[in-house]
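Shown next, in structure tokens, is the structure this report addresses.
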Amino acid sequence: MLTLKQLETFVQVVELGTFERASQRLNATQSTVSKRISELEQATGLRIFDRSRRNARLTEEGERLLELAYATLDGAKRILELNEQPERTLHRVRIGFTDLAALTWLPGFLRDYTTERPDIRLDITIDMSRTLYQQFQDGELDLVVIPQVPEAFAQPGVETRLLEEVEMAFMAREGLVDGPRPIPIGALERYTLISQGKRSGFAQDVNRWLSHQGMAAANLTADNLLALVGLVAAGRGISVLPRLCVQRFAREQGLEILETTPRLPTIGYYALYHGGVRIRLLEELAHRLGDAADFTRPFFLSEKRSARD
């Protein structure tokens, strides 16, 4: 049977040049060193040393074995160091978010989590939810935080965790929409509806709901959430936006929340991740994301200023 002791003895003999010197380095008798080399030759079926020479000179087979012996001993050392020095292990997790998370709680989470867990490197992607989900399916991302994707819940090997329900509301520039409040949904048909495009999961959910209410899909799109707010503030139309997040700076932008009947449904944001050998790590990360998720507070507003709003 091949053992690490045999390989270690073999390397020492080669490096020191004689069995005698190797025995001194290993604190073993010379007969023990010779026995280990003989056992190594028997286990591998190779003739390692040219015994016609006075010094321990390798055969061609021995040269090839030496290279593998170094690699094997180095690998064994690294395995033993996993338990002795766990801080050296760096876990890389590829994770994707939509811009709503990036505009609210994500910066604070990254600041705190990377300080607490220096052993984990988060590679961050910010994109539209449908693009993120496709990258997740293709194995390019390990975890994504996106609005509910119905097909994901039926996909084997995919774990899901609800992070937060986000309240949505129609918004417009102040004075653009007249009439009594709350406004019947049908009364909004005469206004231009602005929405994120087809790659947005929450836009697709909103459009499906509006379709059930008899309203047409959006006829003006902007994939970036801040650009969407800008178009609404400019009076180009109305839009469905995250209610509590946008209302914190709505007054400064001259925006108005339009109360409607019926009210828009909430949209669930989920952490999706793959099961497998790293499921415990991803479960822990999803749990921390759930604790941090707060889609109501734009990160660029100070605590003092947000408290006044």
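The values are calculated or read from the model by the stated rules, or taken from the named source; none is laboratory data. Remember, predicted model here, so these are calculated numbers, not experimental data. So basically every Cβ, Gly included, is an ideal-geometry build from the backbone, and we count neighbours across all protein chains shown. Each accessible area value is taken on the protein alone, full model and side chains, heavy atoms only, with ligands, DNA and RNA left out. Shrake-Rupley method; radii C 1.70, N 1.55, O 1.52, S 1.80 Å.
Just a few scattered comments:
- Protection proxy ranking of 73-79, 238-244, 204-210, 2-8, by the mean of other Cβ atoms within 10 Å over each peptide's residues and highest first, is 238-244, 204-210, 2-8, 73-79.
- Top positive-direction residue, dipole computed over the chain with Cβ charges, set ALA227, THR32, ILE126: THR32
- Sequence-distant aspartates and glutamates (8 or more away, or on other chains) whose Cα lies within less than 14 Å of LYS198: ASP127, ASP223
- Here the Gaussian network model covers the chain, with springs between Cα atoms less than 10 Å apart; of ASP223, ASP112, ASP50, ASP50 fluctuates the most.
- When its C-alpha radius of gyration is set against 2.2 N^0.38 Å (N residues), region 84-217 gives a value of 1.37.
- For the chain, share of DSSP beta bridges that run antiparallel, in % to the nearest 5: 60 percent
- Sorted on the mean count of surrounding Cβ atoms within 10 Å across their residues, most packed first, peptides 25-37, 175-187 read 25-37, 175-187.
- When semi-axes √(5λ) of the Cα gyration tensor in Å is calculated for this entry, the matching label among (i) 39, 18, 17; (ii) 31, 22, 19; (iii) 68, 19, 14 is (iii).
- For LEU220, distant residues with modelled amide H under 5 Å away: LEU193, SER195
- Per-q log10 I(q)/I(0), region 156-199, q = 0.30 Å⁻¹ (Debye; single scatterer per alpha-carbon; no solvent): -1.27
- Taken over region 1-124, the convex hull of the Cα atoms encloses 148 Å³ per residue.
- Amide H to amide H, with H built 1.01 Å from N, GLY268 comes under 5 Å of GLN148, VAL166, counting only residues 5 or more places away or on other chains.
- Cα-derived Rg over Rh, computed across region 222-274 with Rh taken as Kirkwood radius: 1.03
- For region 109-150, the share of accessible area belonging to carbon and sulfur comes to 44 percent (1.4 Å probe, ligands and nucleic acids excluded).
- Most simply put, region 123-282 has about 80% antiparallel DSSP beta bridges, counting only bridges with both residues inside it.
- Between helix 4-16 and the chain: long-axis angle, C-alpha atoms, 0 to 90°, nearest 10: 60 degrees
- The convex hull of the Cα atoms of region 166-309, projected and averaged over all directions, covers 10.1 nm².
- Unit charges on C-beta of K, R, D, E only; dipole of region 100-234, Debye: 460 debye
- HIS274 sits with roughly 50 Å² accessible to a 1.4 Å probe, with DNA, RNA and ligands left out of the calculation.
- Placing unit charges on the Cβ atoms only, positive for Lys and Arg and negative for Asp and Glu, gives the chain a dipole magnitude near 440 debye about its Cα centre.
- Rounded tilt (10° steps) of 30-44 against the dominant C-alpha axis of the chain: 60 degrees
- Rounded to the nearest 20 debye, dipole of region 13-63 from Cβ charges on Lys, Arg, Asp, Glu: 260 debye
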